[in-house]
1. If you find the alpha carbon centre of the range 254-305 and of the range 227-246, how far apart are they in angstrom?
2. Search the structure for amide H atoms under 5 Å from the amide H of residue 104, placed 1.01 Å from N in the peptide plane, and list their residues when 5 or more places away or on another chain.
3. Most fluctuating residue of 244, 135, 119 in a GNM of the chain with Cα springs under 10 Å: which is it?
4. Can you tell me the FRET efficiency between residue 279 and residue 168 if r is taken as the Cβ-Cβ distance and R0 is 30 Å, rounded to the nearest 0.05?
5. Suppose R0 equals 22 Å; then what is the FRET efficiency for residue 117 and residue 203 from their Cβ-Cβ distance, rounded to the nearest 0.05?
6. If one takes the longest principal axis of the Cα atoms in the chain, at what angle in degrees, from 0 to 90 and to the nearest 10, does the Cα axis of helix 253-267 lie?
7. Can you give the FRET efficiency for residue 43 and residue 256, using 1/(1 + (r/R0)^6), R0 = 25 Å, r = Cβ-Cβ distance, to the nearest 0.05?
8. What is the range 166-305's relative contact order, in percent, from Cα pairs under 8 angstrom and six or more apart in sequence?
Amino acid sequence: MAENGLILVTGAAGQVGAVGRTVTGLLLERGLPVRAMVRREDDRAAALRAAGAEVVVGDLLEPADVARVVSGCRRVYFGMSVSAGYLEATVTMGTVARDVGVDALINMSQMTVSQMSIQHTTPSPQQRQHWLSEQALAWSGLPVVTIRPTVFLDGFFLALVSPAVRDRSRIELPFGRGKTSPVAAADVARVVAAVLADPGPHLGQIYELTGPRSQDMDGVAREYAEALHREITYTDIPPEAWEQGLHKAGLPEHLIHHLVTMAALHRAGRYDRMADGVERVTGRPAMSVRDFVALHAEEFGGRRS
Ligand SMILES: NC(=O)c1ccc[n+]([C@@H]2O[C@H](COP(=O)([O-])OP(=O)(O)OC[C@H]3O[C@@H](n4cnc5c(N)ncnc54)[C@H](OP(=O)(O)O)[C@@H]3O)[C@@H](O)[C@H]2O)c1
């Protein structure tokens with residue numbers, strides 16, 4: 001395996017978890033050469049370039065773009081936004097990676113895939129596509145490392161709840177009494193960067209990633225309260241009203257269908273999971289809800305401690 005081969009990071013601009021952006025920074029800190037793939041030239045692309053990455057613009061749904069960006073790279077992190085073309089993009093990447101002959105392909109997936117089989121899928125089009133993507137990459141014979149995180153702290157527990165936490169000191173989600181163990185995207189990125197830096201020992205592995213604790217939403221709210229130094233409570237809201245809010249916000253149908261399924265799976269106790277992938281790969285435990293909320297205190301109407 002080439003010691004200093006160029007590493008491709010897709011989805012590097014970052015939107016929700018920004019795993020690709022954090023991975024790019026972590027690899028550059030280690031002195032490794034990174035080609036960061038973005039969808040367009042903007043401030044995020046300029047920041048990646050300023051940090052020392054070779055920035056390339058392309059569309060993961062365009063085979064010729066994918067061939068151009070993979071060419072010359074030995075290792076690849078493949079991840080992109082939750083979107084309708086995910087399976088097509090994965091198969092395109094797999095086809096190109098085989099043609100180029102990469103040494104390692106790190107595939108972002110989801111922990112729900114661990115519970116899926118031919119007989120047991122879920123209604124989420126994204127989860128179905130991740131499951132099929134994993135099948136296709138397994139058939140490909142490529143040297144793959146699979147990353148299966150549970151729900152990110154950065155989506156449901158930050159972007160989707162911060163206005164209600166800020167304005168009403170309430171976490172409003174339709175999660176019922178279900179337990180959950182959300183993981184910080186920053187921890188997911190630490191795992192991906194560690195694997196990319198030295199993929200050999202990880203090839204063929206599937207890493208399941210969760211936070212350090214599985215608890216119901218009252219427990220989660222207590223960690224918010226500790227981090228923000230004020231009372232924060234959980235309100236279990238009706239799923240239908242919550243879904244209407246997502247439509248009103250103009251989110252794409254594919255994403256809404258996925259989020260609605262994630263909420264239903266939470267209510268059914270399917271996010272009550274524990275896995276030690278973060279500590280096993282990086283040697284450091286995963287971030288707690290409390291530490292994550294403290295880091296993002298300003299977005300929740302608190303002061304950064
Ligand atoms: N959120 C969760 O709770 C969760 C949990 C487990 C697993 N995951 C998985 O994590 C992945 C998402 O990771 P993330 O949150 O780090 O992603 P992200 O921050 O949403 O960033 C993804 C990037 O992909 C880029 N992109 C989208 N479509 C593209 C295309 N056709 N061509 C090139 N680039 C494209 C976007 O570019 P622009 O910004 O320019 O549009 C975006 O910057 C998904 O596989 C998801 O299933 C998420």
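1. 15 Å
2. 76
3. For the chain, modelled as a Gaussian network with Cα springs under 10 Å, the answer is 119.
4. Details: r = 35 Å, r/R0 = 1.17.
That gives a FRET efficiency of 0.30.
5. Numbers: r = 24 Å, r/R0 = 1.09.
The value I calculate is 0.40.
6. 60 degrees
7. Values: r = 28 Å, r/R0 = 1.11.
The computed FRET efficiency comes out at 0.35.
8. Numbers: 202 pairs, mean separation 59.8, N = 140.
It comes to 43 percent, rounded to a whole number.
A short reminder: the numbers here are calculations on the coordinates, not readings from a lab. This one's a predicted model, so the numbers in the text were calculated from it and none came from an experiment. Don't worry about glycine lacking a Cβ; one is built from the backbone with ideal geometry, like all the others, and counts go over all protein chains shown.
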